[in-house]
1. Looking at B:V298, is it crowded, with 19+ Cβ neighbours inside 10 Å, aliphatic (A, V, I, L, M) and more than 30 Å from B:R252 (Cα to Cα)?
2. May I ask you to verify whether B:P77 is closer than 30 Å to A:D234 by Cβ and at pLDDT 95 or above?
3. If a residue counts only when it is assigned by TED's automatic domain parsing to the domain that holds B:I645, which strands (runs of 3 or more DSSP E) contained entirely in the stretch B:536-628 have at least 1 such residues?
4. Kindly indicate the residue of the stretch A:395-410 that is outside any loop (DSSP other than H, G, I, E, B) and surrounded by fewer than 18 Cβ atoms within 10 Å (Cβ to Cβ) and also modelled with the lowest pLDDT among those meeting that condition.
5. Kindly indicate which of A:R138, A:R107 is of a type in the set (D, E, K, R), surrounded by fewer than 22 Cβ atoms within 10 Å (Cβ to Cβ) and either in contact with a Phe, Trp or Tyr (Cβ under 8 Å, 6 or more places away or on another chain) or facing another protein chain (nearest Cβ under 10 Å) (or both).
6. Against the conditions (1) in contact (Cβ under 8 Å) with a residue 40 or more places away in the chain; (2) more than 8 Å from every other protein chain (Cβ to nearest Cβ); (3) over 25 Å from the mean Cα position of the chain (by Cα), where does B:M102 fall short? Just the number, please.
7. Name the pairs: first residue in the stretch A:532-552 and within 18 Å of A:G282 (Cα to Cα), second residue of a type in the set (S, T, N, Q), Cβ to Cβ under 7 Å, at least 6 apart or on different chains?
8. Name every residue in the stretch B:203-240 that is under 30 Å from A:D141 (Cβ atoms), touching a His at 6+ places or on another chain (Cβ under 9 Å) and of a type outside the set (S, T, Y), in order of residue number.
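The values are calculated or read from the model by the stated rules, or taken from the named source; none is laboratory data. Just so we're clear, the structure is a prediction, and the values are computed from it rather than from any experiment. Positions of Cβ are generated from backbone atoms using ideal geometry, with glycine treated the same way; all protein chains shown enter the neighbour counts.
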There are 2 protein chains.
Amino acid sequence: MSEQLEKAIQEAQEAVTKQGDTVEVDAAIQKLAELKLSLESKQKEFEKATGKVSGQSKEALRAALAGVLERRMFYIPSFKIYGSVAGFYDYGPPGCAIKQNMTQVWRNHFVLEENMLEVECPAVTPEIVLKASGHVDRFTDFMVTDAVTGECFRADHLLEGHLEALLEDKKNPVTPEKAREIRELLASVGELKQDSMGAALKEYNVRAPGTGNDISPPFPFNLMFKTSIGPKGDMVGYLRPETAQGIFVNFRDLLYYNGGKLPFAAAQIGNSYRNEISPRAGLLRVREFTQAEIEHFVNGEDKSHPKFASVADLKPLLYSRELQMGEEKKAQPMSLGEAVSRGIIANETLAYFIGRTWLFFCKVGVNPQRMRFRQHLQHEMAHYAADCWDGEVETTYGWVECVGLADRSAYDLQAHTAMSKIDLTAFDKYDTPRMVEVVKVVPNNKELGAVFKKDQKAVKEALEALDEASALALQAKLAAGETAPLKTCDATFEIKPGMVEIKKVTEKVTGKTYTPSVIEPSFGIGRIMYCMFEHSYYTREGDETRAVMGFRPVVAPTKATVFPLVQKPALNEVAAKISRELTAAGLSNLIDTTGNTIGKRYARTDEIGVPFAVTVDFDSIEGDGSATLRERDSMAQVRVPQSEIASVIRALVDERTTWAEVAAKYPAQKATADEE
Amino acid sequence: MSEQLEKAIQEAQEAVTKQGDTVEVDAAIQKLAELKLSLESKQKEFEKATGKVSGQSKEALRAALAGVLERRMFYIPSFKIYGSVAGFYDYGPPGCAIKQNMTQVWRNHFVLEENMLEVECPAVTPEIVLKASGHVDRFTDFMVTDAVTGECFRADHLLEGHLEALLEDKKNPVTPEKAREIRELLASVGELKQDSMGAALKEYNVRAPGTGNDISPPFPFNLMFKTSIGPKGDMVGYLRPETAQGIFVNFRDLLYYNGGKLPFAAAQIGNSYRNEISPRAGLLRVREFTQAEIEHFVNGEDKSHPKFASVADLKPLLYSRELQMGEEKKAQPMSLGEAVSRGIIANETLAYFIGRTWLFFCKVGVNPQRMRFRQHLQHEMAHYAADCWDGEVETTYGWVECVGLADRSAYDLQAHTAMSKIDLTAFDKYDTPRMVEVVKVVPNNKELGAVFKKDQKAVKEALEALDEASALALQAKLAAGETAPLKTCDATFEIKPGMVEIKKVTEKVTGKTYTPSVIEPSFGIGRIMYCMFEHSYYTREGDETRAVMGFRPVVAPTKATVFPLVQKPALNEVAAKISRELTAAGLSNLIDTTGNTIGKRYARTDEIGVPFAVTVDFDSIEGDGSATLRERDSMAQVRVPQSEIASVIRALVDERTTWAEVAAKYPAQKATADEE
């Protein structure tokens, strides 16, 4: 089996390499992408067959983590007492706190640091806005239904599942030729149009899961939740599928707010809604989720960034188009400075946000070794996009897209101008006025009127609308004494010399009007949280039942616990006092006066990822008045004077000091066997 | 005119006093309330007639404030480029920052301080949840439509407007008798049932505004936005009209999370949605708004609060039922301790939250002299409510309800138990088991079977379901040798001696199962913001065009501005350095290097309520290295060493120091005439 696979991989790689030499046109690139995906699926199969990656250990980790997350109420299915509804989750106290903390880090890291203009717009949105953005017409997935039961399925999921099952069927193995065909189809499932999707489902005789019934042909299903605004029922509204549109429709006011100056960035944090056909994978695909989006507006002719130098030396894992199509199929660390200078990332502004995003992920506790930026292949991008990179994080579900960073050119503002007829341009005032040669077209109204009568106006407008090249071409003919045809919307007219004057003149121009380009970093907060949960989870060495959530202090839901060593009123009093001081310092904390052993109490707080624990003992009241401060991951303990505890923890949480510095400053305390 | 009115007021007051003596039953209280409202409307009319309150100055203030709020993009109508949709607003950068700050203060003040369990639930809610809560059936306003155009109106608004116009019509004055009748109707418009609303609209011949057309009879219009969940279209969903239900449906998990212990409080901050028939008054009545709600679960038999002492001495303005029905019609300051001990506020827990709410309002900049807690009159409360108080703030729109504080007894949890069949009770374990005498009913199955045959089971269940008193009454009859009738759902059966044994026994009971009561403080964040805006707005003495938003530093959108005194690179550099230090300290700041005069730059920042300004001058680079720090409201200035500026402003924002202390510590700097 594995020999056969290795041969298949080699074949596929040869095909990729061969294709790689002729990369020129989109079609070739698309072919390459398909081959690459086919190769990846072969590699996956190989790893499974040779046990290089253990599918089981992944599932065991996922199940163990899910146990902690649900038991500790990080998040649970919504409306549980009514049987739940797929795709909706409630954040319980620790999940809610982490989400708040993460959002606040995001706000400080992006909005405050860059002086972005933060806005908050409603989720309920009138149809015209989403008509303009294209969501009403194109925000769809293909759906099929069970011909008997009417149950609904996502066509691509169904086809993928069916094809993967065919490949894995050991009893009735497909021929190598058929296998290659199936793999190529698998690689392009996401890009299939309605017809080809229907044809593929038919060809492979895909049937409804569970029942085995016939399925309907695929049809587009719009993913937006629809509603009606106002009492009359005549105004269609949708719940926004993304927060970005709220920024675009406000562009004019935001530009004015910013004193008419570009570049500037606006940001929005808020909930978006997608009525997924079949939600799955927990927080990774839900129907209501929190987005944090930035729209950085910039003159398309100058996408440099004044603060680029501050990220140029960062070396995140970049998975460029080139690497995806190369042999190793592996992201490589590369400095952002190099990536821009080599033209791998399209411009400084996009690279700047990739760098800032990388720093954000590190800050909130995603492992930078398990995060990469993957460039979109040419065929994955919208036609107007200049360059796109996804911030992806490795989890037990594979690589999960958590952030999209796209240079969307001027598409969005132009779309809203087309629909609203409102000017959404900016004016770039030159430092000093420039003398510019322009072509002027001056129709001879008298002559036009005499010849074209009622069509005079149409002809005049068509002449004035000529671009420079066409105007000069017309002038050349007229100058040669010839006539020339001129098309209007309805007819063609013969233009003769004397009907129009066309000349080059030099004019003083003070600036240029343009529709700004937009660079859009878009974050899915729930997905980042889930990835962070996976990266934070571990078990104490030697005890697989003792789960620890190793949250970074800044995102940890509870910053500290306070324990009296034993149940004594005097110790409880001191503990209560320390708890009050922590609260006053803005540090969320829990006091645990149960009679459980310290070890048991630590185990509890480890599960919700409390980074610091304060234990009050008799020395705290009778001796030197100090208490024990313990760090979660190292389990190291020091003695800190009571009066300094709140400020030490505050400094640790704010990252103004490190545990190493604290451990060096205060005397160590050895943990007893009972405690751990 | 005014003499006539004074007489009317006297009459109304006499009626109120007379009624006051006989306050016993609800009907009488309702009558009283009507009289009170009638009195208030008379007083209003009187004030208008005598010019004691200038309606015009209110409107002028409101317009001036609206100018600042829109110009500075605190909030603007949503979807402006598409002509806007009533009832939706976007928060621009300063509004968004204030909302964030206010929400964070709320979270620290309530959630952190009380260790509340914060949750976050979806806005999209399946129908069954809102069926259980009563919203599907009863969350309605009465609507009427223009019989010709179909335009929709709120019936109560239309009737009120019509009646007020009748009272104010000087050309065709109504008779005193009619006026009294109209005023009584006006006072009860909010409580009218469908029939009486229809009758009133008919009686007064109310017609459609604008067109004068006939109107339809009033019909209930449900205010929830409706949608459909999932691809099949068979699951009705609504956007939640309040965040509270998400907490109630999670009660069981939250109780478990809290170790099964009561009391505890859960909280949620999130958006709610109401499809208002005719939104108006800006942020005060919108279709999508942010709520912050607390559900404090407590054993109904003990509503004391362990931290009540910490608020007992606060003296907010209380407008009790008694005061509303008294002669002065004015809220009075009263200590919460007194209010509880005199039975004015129903219990300590409710009073505790009234106190904490008052402190919150003070913290975010609502004038405590212009805020009161108004108790609901008996007829305003739902039948299950034990006591309700509204936190109201005085604005140019009158007294605006910003917070509702209600003791809702066990209603909500019982409603969800009834619908979901899931047990939502708590168990109060006694410290030591108690011996309790109970009545035991033991049916004689053999005898019942022989006599009642197929009805045996129904009779048995009816016997076991008897309450103690009925069981003992039955026992008395049987003991006397008599027979007794027993009703089941379908029939009545004759019970004879020997069919059942009924006896008193003493049992050991370890605790009691009960459905917790809930005390619910519910905050409308947008309303509080608007009220705070009105209370913060003022103009500089002597210059009515210089608007100042006197925000408290903790809620101010921008904490500081940094100005170089004149445009010089060296000064710009120092300003940039200070700005970076402020950002590093988490302080939002703006740097203004325009060549405008300092005075003009101050005027700009006053409008967005920046509390502190730092000016960098030549002494900052050549002299002692200090810079000027100016406080917005006093306009006082001091010289602070550059290295201390960020920490001084941080301390001022965190309220760890006061401006008076700063002014005492650092040398004063006199402002030049040019600057102010």
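1. Values: crowded, with 19+ Cβ neighbours inside 10 Å: yes; aliphatic (A, V, I, L, M): yes; more than 30 Å from B:R252 (Cα to Cα): no.
Judged against the criteria, B:V298 is not a match.
2. Details: closer than 30 Å to A:D234 by Cβ: yes; at pLDDT 95 or above: yes.
When the stated conditions are applied, B:P77 passes them.
3. Numbers: elements: B:537-539, B:547-549, B:560-564, B:589-591, B:612-616.
Qualifying strands (runs of 3 or more DSSP E): B:560-564, B:589-591, B:612-616.
4. Initial filter on the stretch A:395-410 (outside any loop (DSSP other than H, G, I, E, B)): A:395, A:398-407.
Keeping just the survivors that are surrounded by fewer than 18 Cβ atoms within 10 Å (Cβ to Cβ) gives A:398-399, A:401, A:404.
Values: A:G398: 92, A:W399: 95, A:E401: 96, A:G404: 97.
For the stretch A:395-410, the residue satisfying everything is A:G398.
5. Details: A:R138 fails: either in contact with a Phe, Trp or Tyr (Cβ under 8 Å, 6 or more places away or on another chain) or facing another protein chain (nearest Cβ under 10 Å) (or both).
Testing whether each residue is of a type in the set (D, E, K, R), surrounded by fewer than 22 Cβ atoms within 10 Å (Cβ to Cβ) and either in contact with a Phe, Trp or Tyr (Cβ under 8 Å, 6 or more places away or on another chain) or facing another protein chain (nearest Cβ under 10 Å) (or both) leaves just A:R107.
6. With (1) in contact (Cβ under 8 Å) with a residue 40 or more places away in the chain; (2) more than 8 Å from every other protein chain (Cβ to nearest Cβ); (3) over 25 Å from the mean Cα position of the chain (by Cα) applied to B:M102, the lone miss is (3).
7. A:E534/A:T395; A:E534/A:T396; A:H535/A:N367
8. We begin by selecting, within the stretch B:203-240, every residue under 30 Å from A:D141 (Cβ atoms); these are B:224-240.
Okay, now just the ones that are also touching a His at 6+ places or on another chain (Cβ under 9 Å), so B:224, B:238, B:240.
If the condition is that a residue be under 30 Å from A:D141 (Cβ atoms), touching a His at 6+ places or on another chain (Cβ under 9 Å) and of a type outside the set (S, T, Y), then B:M224, B:R240 are the ones that fit.
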